Amino acid sequence: MAKNKKIIISVSGVVVLALCLAFFLKGTPTNNFQLETTKLAANNISSTVTATGTIQPIIEVAVGTQVSGKVSKIYVDYNSVVKKGELLAEIDKTNLQTEVNTQELAVRTTKVEYEYQKKNYARAKELFGKSLISETDYETANYNYEKAESSYKQSLSNLNKAKTDLSYATIYSPIDGVVLSRAVEEGQTVAASFSTPTLFTIAKDLTKMQVVANVDEADIGTVKVQQRVTFTVDAYPTDIFDGTITQVRLNPTTTSNVVTYQVIVNAPNPDLKLKPGLTANISIYTMEKADIKTLPNKALNLKPDIESLKRNGYTVYENLEIKNKLTSNERIIWQQEGRTIRNKRITIGDSDANNTEIISGVGNKDRIITEIKSILPVEPAAGTEASPFMPKRPGGNKDNGNK
């Protein structure tokens with residue numbers, strides 16, 4: 001009997017111990033989540049708009065001719081450095097000089113006639129005042145005088161035009177610069193009947209260039225004068241050039257239903273690497289802030305599974321009222337203090353692709369949740385062989401009776 005009593009007591013003790021273990025194991029939360037947190041950090045944030053453009057001289061002058069004729073002499077070529085007033089080319093002056101001579105002869109002829117009629121009119125006026133000639137004779141003398149005067153002035157004007165045309169036959173540089181292009185050869189005839197033909201293109205200063213960029217209509221709203229720009233060109237793929245926006249032109253350009261606006265970027269070129277016509281890939285910094293307090297964007301977009309967190313032993317305080325009437329610069333974040341989690345409303349500023357400026361609502365020591373990761377073990381799919389190096393869950397080796 002004593003032996004049976006000891007067996008009963010031993011069995012009862014094992015049962016009680018098993019019940020206690022089951023109770024405590026059930027009441028202890030399992031840690032199925034890993035919370036990643038962060039604090040306020042000082043960062044630089046920026047936003048950019050990308051576009052393409054063309055390198056051009058800031059001042060580029062097309063030099064032409066206002067008279068027609070054969071190009072008799074050219075004094076410059078491509079890449080020639082010229083000064084303002086320097087002789088570039090000459091148009092054949094034979095016909096132009098002939099016209100000047102003709103007009104000079106016309107001036108002398110009309111001048112003689114003008115002076116004769118002027119004296120004749122003076123005599124007629126004196127005689128008419130003494131009533132020695134009729135009014136008709138006086139009016140005739142006056143008419144001839146005014147007609148001769150008009151002819152003389154007209155001939156002077158024609159002579160002045162002929163001399164001006166003759167001067168146009170000598171082509172001078174209007175600015176200091178470099179000849180970018182030469183469109184004519186010696187002996188070639190140019191006609192200026194309807195439009196001024198271009199003979200040379202001169203860039204004023206190649207150490208000061210500009211980028212004429214085409215910015216999409218979706219991005220133009222944030223682009224402003226004086227914003228910083230960086231750009232690259234294919235000719236120097238490892239070099240990054242700097243510039244500043246000097247003008248945002250309001251005239252739109254539509255190509256294949258795509259609306260763009262021209263943005264002018266000042267681009268210093270002291271080493272003359274940038275050449276006219278190069279394609280530039282530009283980045284416009286529409287927003288830049290340095291050394292400001294920020295949080296990662298994923299902290300502001302976090303939406304935790306509150307019920308799952310509670311089942312895992314976390315105390316979650318969710319204030320539903322702060323979610324109401326959020327302004328455009330307010331967001332909700334989640335703060336962790338040990339096993340306690342609560343939501344907070346904060347005020348934000350600008351943001352970029354990674355971080356957001358924090359204006360208020362977060363202390364320097366606050367730990368803000370950025371991500372909640374599940375750390376539950378992943379079972380291998382049915383029919384696949386588990387890795388021998390992976391730990392197996394308790395009971396994983398039990399036979400289900402399928403032999």
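Each Cα pair under 8 Å and six or more residues apart adds its sequence gap; the mean of these over the residue count of the stretch 190-331 is a relative contact order of 25 percent. Rounded to the nearest 10 square angstrom, residue 225 shows an accessible area of 80 square angstrom against a 1.4 Å probe.
One Cα centroid belongs to the stretch 138-180, the other to the stretch 289-326; the line between them spans 85 Å.
Taking 0.36 nm per residue of sequence separation and removing the Cα-Cα distance, the residue 232/residue 310 pair yields an extension gain of 22.7 nm. For the stretch 178-284, the solvent-accessible area of protein heavy atoms averages 55 Å² per residue (probe radius 1.4 Å; ligands and nucleic acids excluded). Rolling a 1.4 Å probe over the protein heavy atoms gives the stretch 72-146 an accessible area of 70 Å² per residue. Among the chymotrypsin sites (Phe, Trp or Tyr not before Pro) found in the stretch 78-134, those both in a DSSP coil and sparsely packed, with 16 or fewer other Cβ atoms within 10 Å of their Cβ, are 78. Entry note, the stretch 36-153: relative contact order of 18 percent, from Cα contacts under 8 Å with a spacing of 6+ residues. With the contact rule set at Cα under 8 Å and sequence spacing of 6 or more, what percent relative contact order holds for the chain? Once normalised by length, the contact order is 25 percent.
Shown for the stretch 184-335: the carbon plus sulfur share of the solvent-accessible area, taken with all protein chains present and a 1.4 angstrom probe, equals 49%.
Placing a label point 7 Å from the Cα of residue 256 along the Cα-to-Cβ direction, the residues of the stretch 207-226 with a backbone N closer than 18 Å are 214-218. Under 5 Å between amide hydrogens, built in the peptide plane, is the criterion, and for residue 63 it picks out 199, 200, 201, 202 among residues at least 5 positions away or on other chains. Would you mind getting me the FRET efficiency between residue 132 and residue 285? Use the beta-carbon distance for r and R0 = 56 Å, nearest 0.05. Calculated value: 0.05. Where in the chain are the DSSP H helices whose alpha-carbon span along the long axis reaches 27 Å or more and whose Kyte-Doolittle mean is at least -1.0? The answer, listed by residue number, is 2-27. Restricting the calculation to Cα atoms, every distinct pair contributes to the Kirkwood radius of the chain, found to be 32.2 Å. Applying 1/(1 + (r/R0)^6) with R0 = 60 Å to the Cβ-Cβ distance of residue 195 and residue 120 gives a FRET efficiency near 0.80. Remark: the stretch 188-204, residue by residue, has Karplus-estimated 3J(HN,Hα) of 6, 9, 10, 10, 10, 5, 10, 8, 7, x, 8, 9, 9, 10, 10, 9, 5 Hz, where x stands for each Gly or Pro and the curve is 6.51 cos²θ - 1.76 cosθ + 1.60 at θ = phi - 60°.
Each peptide among 249-256, 85-92 gets the average number of other Cβ atoms lying within 10 Å of its residues, and from highest to lowest they stand as 85-92, 249-256. Between residue 181 and residue 272, full extension at 0.36 nm per residue minus the direct alpha carbon distance yields a gain of 31.0 nm.
The values are calculated or read from the model by the stated rules, or taken from the named source; none is laboratory data. Everything numeric in this text was worked out from a predicted model, so none of it was measured. Every residue, glycine among them, receives a Cβ derived from its backbone with ideal geometry; neighbour counts consider all protein chains shown. Ligands, DNA and RNA are excluded from the accessible area calculation, which covers all protein heavy atoms including side chains. Shrake-Rupley method; radii C 1.70, N 1.55, O 1.52, S 1.80 Å.
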